[in-house]
Amino acid sequence: MARNASDTLKAETGVVLGFLEEAETWELQSSQFPSKVGGKPAWLSQTDLPCSLGCEKCHHPVAFLLQVYAPIVGQDRSFHRTLFVFCCKTPECYSPNDNRCFKVYRSQLPRKNDFYSYDPPSEEEPGANDSDPDVLQSGVKLCRVCGCPGSKSCSRCHAANYCSKDHQIIDWKSEHKNECGTNASPCSADFQKHGYLFPEFELLTEPEKVQGKETPCESDDTQKTLESSTEDGFGID
């Protein structure tokens, strides 16, 4: 059957487009190897996390912006590979041709590693987990506010960890002052209360495609088909 003259080829441009969708919380955890925007980083490696996450202009902590799961096919050491992007939340820090308010990190692991199963992750929601959400399985403590390594702790209760004094103050004003010293179970700070993190969404990607041109051979075939159809009594509107 001849192809309609209005149909054209589509070619990939090498550009990858990203689309945001809502997802369940468990689908954006590290064990699912997600690509996502906002919330806290879902760290790939559970050790050797970046510890200097400050804007080079204002020196305040940068916020997690997005991460992209981008494994390299055929390269075992990069079987799992994620790129993390952080940005400053101070508008005055941004100026043309100046990237000092951004931080980009790469994390990669071989298929056989100390943190994840050799087999692909389950597509079903896992059972309840009572572990502290701000402590990785490797024992690394995370900041309650941003999810980055937290080497500091509340001097009163020693149960809340932070990456900086800035985030300790944010958490104290929004939530921690009401629970500090109580017997409440450890939990992450509610980002909706302190408003520091970006809204969290799953990041889906697909190659960009553009309308391509017909090759000379295809154009000739189409023309012959149109002429034949006209001769047989079939016109084209």
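The values are calculated or read from the model by the stated rules, or taken from the named source; none is laboratory data. Predicted model, so just to flag it, every value in this text is computed and none were measured. Every residue, glycine among them, receives a Cβ derived from its backbone with ideal geometry; neighbour counts consider all protein chains shown. These area figures cover heavy atoms from the full protein model, side chains too; ligands, DNA and RNA do not enter into them. Shrake-Rupley method; radii C 1.70, N 1.55, O 1.52, S 1.80 Å.
Think of a 1.4 Å ball rolled over the protein heavy atoms: the range 2-149 then has 60 Å² of accessible area per residue.
What net charge do the residues around residue 142 carry, taking every other residue with its C-beta under 10 Å from that of residue 142, with Lys and Arg at +1 and Asp and Glu at -1? All intermediate terms of the calculation are to be shown ahead of the outcome.
Details: positive: 40, 141, 144; negative: 132, 134.
Neighbourhood net charge equals +1.
Between the range 143-177 and the range 34-58, how many Å separate their Cα centres? After rounding, the separation between the Cα centres reads 16 Å. Do the alpha carbons of any pairs in 40/141; 36/141; 40/103; 36/165 sit beyond 18 Å of each other, and which pairs? Checking Cα-Cα distances, 36/141; 36/165 exceed 18 Å. Oblate is the label for the range 21-81, because the ratio a/c of its alpha-carbon gyration tensor axes (a ≥ b ≥ c) is 1.5 or higher and a/b is not greater than b/c.
Against the compact-protein benchmark of 2.2 N^0.38 Å, the Cα-based radius of gyration of the range 48-172 scales to 1.24.
Among the protein heavy atoms of the range 29-171, carbon and sulfur supply 50% of the accessible surface, probe 1.4 Å, non-protein parts ignored.
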